[in-house]
Amino acid sequence: MNDPGCNVVTAQYLLYCYTVKVNGMRRKPDPRGTRAHEETHGHPVDGDAVESRARSYAVSKGVPFTPMRQSVLALLAASGKPMSAYEIAEKVSDARKLKAVQVYRALEFLQEAGCVHRLASRSAYFACDHLHGEGETVVFMVCAQCGAVQEAASELVARGLRGAAKTTGFRPRHPMIEVEGECAECAGTPER
């Protein structure tokens, strides 16, 4: 079974099985803090906890937790949905117009701190109020209708990815998977 196609199919199948379990609600709540659907529909993440983590990270690195970093993080924590850097710049701008590069610098720091994730498929960012282990495979499930993001860690998906990567000699640094579909709430509503 050294066919690379087998491992790719296996990884896809594992991801499918995991997604079915998550969306079909056939799983127990994750004690490590996987976000429940209700939090992504209008309930912001715990901004105080996320800010505390970001401040601690800044202290550990010997850098300031700037007002820009604080404003960007507070906005993302309160929004509850992914936002582009340009949307963030527009919302945090006061009398003077902010440049997107200023926001990107803040976002880079917040990502390093583990307080913000980036959705590559949408070039958008969202706040995260729980910790992920080093090298942990994270699955982002993005609702195409409402934009809500659910995230979960999955060792099952991680094993499939490691197998697929091994056959090609690829070394993943930040294993993240984005799956677009419909959240449970939107799936129950008629299409527009």
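The table that follows gives values for the structure above.
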item: Solvent accessible area, Å² - L161, 1.4 Å probe, full protein context; result: 50
item: Förster radius 25 Å - calculated FRET efficiency between K166 and S56 (Cβ-Cβ, nearest 0.05); result: 0.10
item: Principal axis dimensions, the stretch 84-187 - Cα atoms, whole angstrom, descending; result: 53, 34, 24
item: J(HN,Hα) series, the stretch 141-152, from Karplus relation 6.51 cos²θ - 1.76 cosθ + 1.60, nearest Hz, glycine and proline x; result: 10, 10, 7, 5, 8, 9, x, 5, 10, 10, 10, 8
item: Solvent exposure of the stretch 107-192 as accessible area per residue, Å², 1.4 Å probe; result: 54
item: Accessible surface ranking that places the most exposed of D46, D94 first, with a 1.4 angstrom probe; result: D94, D46
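The values are calculated or read from the model by the stated rules, or taken from the named source; none is laboratory data. Predicted model only: the values in this text are computed from it and were never measured. With ideal geometry, Cβ positions are generated from the backbone for all residues, glycine too; neighbour counts draw on all protein chains shown. In case anyone asks, the SASA skips ligands and DNA or RNA and just uses the protein heavy atoms, side chains included. Shrake-Rupley method; radii C 1.70, N 1.55, O 1.52, S 1.80 Å.
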